[in-house]
Amino acid sequence: MPTVFDVLGHDHDEVKRMLAELEADPTAATGASDSDLERRKKLVERLVIEESKHEAVEEMYFWPAVRDKVPDGGQLADTAIEQEQEAKEVLDKLDKLDAGEPEFEQLVATIIQAGRGHIRYEETQVWPQLRTALSAQEASGLADKIEQGKKTAPTRPHPHAPASPAALKTVGPAVAAADRVRDAASGRGD
């Protein structure tokens, strides 16, 4: 049975893979072709979708568990949520740009650095403390909540929405449904 660390670790690995790909691929400034730029934009769309779902379920389930179970968990969660809020703002801007625009690459560089820093923070500062605070059953139960939550989580960043677990659980499914309709209409994430 997977634990919360397995589920989030899988997400982190996928994000790190996408960040490495973005870092290595050609850009408009380095002579990328139109198809390279289209592929780059699609990769960013996938990153936005995966990050949006990941951060939403962390805010609904993971950070409340950290606050509840870990000494100084409130401070750890506040730091992480602040990092996530900054990432949402960058991803929101990035999602609206074409890959050939100069600001696109500036924001890609920002999200690469911020994403890696946030993952490192979670895995080295938060996870070790939460691992010792959760029972195997609690770690597995939290994994289930996160996996289920991702099925109805928003697929776009909503930087102006509160990072409140109650608000996300109440309004999140309606926002996520609207995101998915927009995604289907635009072909985003295909």
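The values are calculated or read from the model by the stated rules, or taken from the named source; none is laboratory data. If you're wondering where the values come from, they're calculated on a predicted model, not measured in any experiment. Virtual Cβ from ideal backbone geometry, glycine too; neighbours counted across all protein chains shown. Note: areas computed on protein heavy atoms with side chains; ligands, DNA, RNA excluded. Shrake-Rupley method; radii C 1.70, N 1.55, O 1.52, S 1.80 Å.
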Please specify each residue of the stretch 100-139 satisfying the condition of being in contact with a helix residue (DSSP H, G or I) (Cβ under 6 Å, 6 or more places away or on another chain) and at pLDDT below 95. G100
Test each condition in (1) closer than 15 Å to V126 by Cα; (2) within 20 Å of the chain's Cα centre (by Cα); (3) modelled with pLDDT of 95 or more for E59 and report the one that comes out false. (3)
Somewhere in the stretch 17-35, is a residue in contact with a Ser or Thr (Cβ under 8 Å, 6 or more places away or on another chain) and loosely packed, with under 13 Cβ neighbours inside 10 Å? no
Give me the residue from the stretch 47-65 that is open to solvent by 30 Å² or more (accessible area, probe 1.4 Å) and not charged (D, E, K, R) and, out of that set, farthest from V7 (Cα to Cα). P64
Subset of the stretch 1-45 [touching a residue at least 24 places away in the same chain (Cβ under 8 Å), β-branched (V, I, T), farther than 30 Å from Q137 by Cα and in a helix (DSSP H, G or I)]: V44
Enumeration of residues in the stretch 36-76 that are over 20 Å from K88 (Cα atoms) and among the small types (G, A, S): A65, G73, G74
Among the residues of the stretch 66-86, write down those that are touching a helix residue (DSSP H, G or I) at 6+ places or on another chain (Cβ under 6 Å) and open to solvent by less than 20 Å² (accessible area, probe 1.4 Å). V66, V70, G73, A77, E84
Going by the conditions given, is D98 surrounded by 15 or more Cβ atoms within 10 Å (Cβ to Cβ), charged (D, E, K, R) and either closer than 28 Å to E38 by Cβ or without any contact (Cβ under 8 Å) to a residue 24 or more places away in the chain (or both)? no
Quick check on V4: is it under 30 Å from S135 (Cα atoms), modelled with pLDDT of 95 or more, open to solvent by less than 50 Å² (accessible area, probe 1.4 Å) and not small (G, A, S)? yes
